[in-house]
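The values are calculated or read from the model by the stated rules, or taken from the named source; none is laboratory data. In this text, all values refer to a predicted model and were calculated from it rather than measured experimentally. Positions of Cβ are backbone-derived with ideal geometry, glycine not excepted, and every protein chain shown enters the neighbour counts. Protein only, heavy atoms only, side chains kept; ligands, DNA and RNA dropped before computing areas. Shrake-Rupley method; radii C 1.70, N 1.55, O 1.52, S 1.80 Å.
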Amino acid sequence: QVQLVESGGGLVQAGGSLRLSCAASGRTFSNYCMGWFRQAPGKEREFVGGISRSGGMTNYANSVKGRFTISRDNAENTVTLQMNNLKPEDTAVYYCAAAATLDRAIVVTRTNAYPSWGQGTQVTVSS
């Protein structure tokens, strides 16, 4: 099991940018596919983006394609989410998640397939 801590959330105006970071504990970070999810009040938690163990494959929700970029640094045990051209509908609590996989090239996208979660960081986008 891996422990995850998110940071970088805050308040930003529409059209602005924000960079979220996730720091992972443990010595087996490279064994985990990493994902970013978000949850707004009254809504289900949804997949935002994911990155494979190797970092060679990424996947994004249609709502954020072209605006968000996920990356990882296995040497530093970190994963980041660069968010550009933010919209009010991006307002949510953003969570970092980890899923151990045998295949280092796949991206896991299902919420219930991720056993490990951070505590979340609030992102608020004003009009």
Flag if THR124 is hydroxyl-bearing (Ser, Thr, Tyr) and part of a loop (DSSP other than H, G, I, E, B): no
Positions within segment 20-77 being in contact with a helix residue (DSSP H, G or I) (Cβ under 9 Å, 6 or more places away or on another chain), over 19 Å from ARG104 (Cα atoms) and assigned to a loop (DSSP other than H, G, I, E, B), in sequence order: ALA40, GLU44, ARG45, SER63, VAL64, ARG67
Those residues of segment 1-18 which are of a type in the set (A, V, I, L, M) and either assigned to a loop (DSSP other than H, G, I, E, B) or open to solvent by less than 40 Å² (accessible area, probe 1.4 Å) (or both), in sequence order: VAL2, LEU4, VAL12, ALA14, LEU18
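Restrict the check to segment 77-89 and report whether at least one residue is hydroxyl-bearing (Ser, Thr, Tyr) and over 16 Å from GLN122 (Cα atoms).
Yes.
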Residues within segment 19-35 that are more than 12 Å from ARG72 (Cα to Cα), touching a residue at least 60 places away in the same chain (Cβ under 8 Å) and open to solvent by less than 50 Å² (accessible area, probe 1.4 Å), tallied: 0
Check on THR69, under 11 Å from the mean Cα position of the chain (by Cα) and either farther than 22 Å from GLN1 by Cβ or of a type in the set (Asp, Glu) (or both): yes
Matching residues in segment 80-102 - criterion: being out of contact with any Phe, Trp or Tyr (no Cβ under 8 Å at 6 or more places or on another chain) and either under 22 Å from GLN39 (Cα atoms) or in contact (Cβ under 8 Å) with a residue 12 or more places away in the chain (or both): THR80, ASN85, LEU86, LYS87, PRO88, GLU89, ASP90, THR91, ALA92, VAL93
Which listed residue, of THR91, THR121, THR109, is over 19 Å from ARG72 (Cβ atoms) and either among the hydroxyl-bearing types (Ser, Thr, Tyr) or in contact with a helix residue (DSSP H, G or I) (Cβ under 6 Å, 6 or more places away or on another chain) (or both): THR91
Subset tally (residues that are open to solvent by less than 30 Å² (accessible area, probe 1.4 Å) and among the hydrophobic types (A, V, I, L, M, F, W, C)) for segment 44-53: 2
Tally, over segment 54-104, of residues that are open to solvent by less than 60 Å² (accessible area, probe 1.4 Å), within 21 Å of ALA14 (Cα to Cα) and of a type outside the set (S, T, N, Q): 15
Residue satisfying all of: in segment 105-125; of a type in the set (Gly, Ala, Ser) and buried (at least 16 other Cβ atoms within 10 Å of the Cβ); nearest to GLN1 (Cα to Cα) among these: SER116
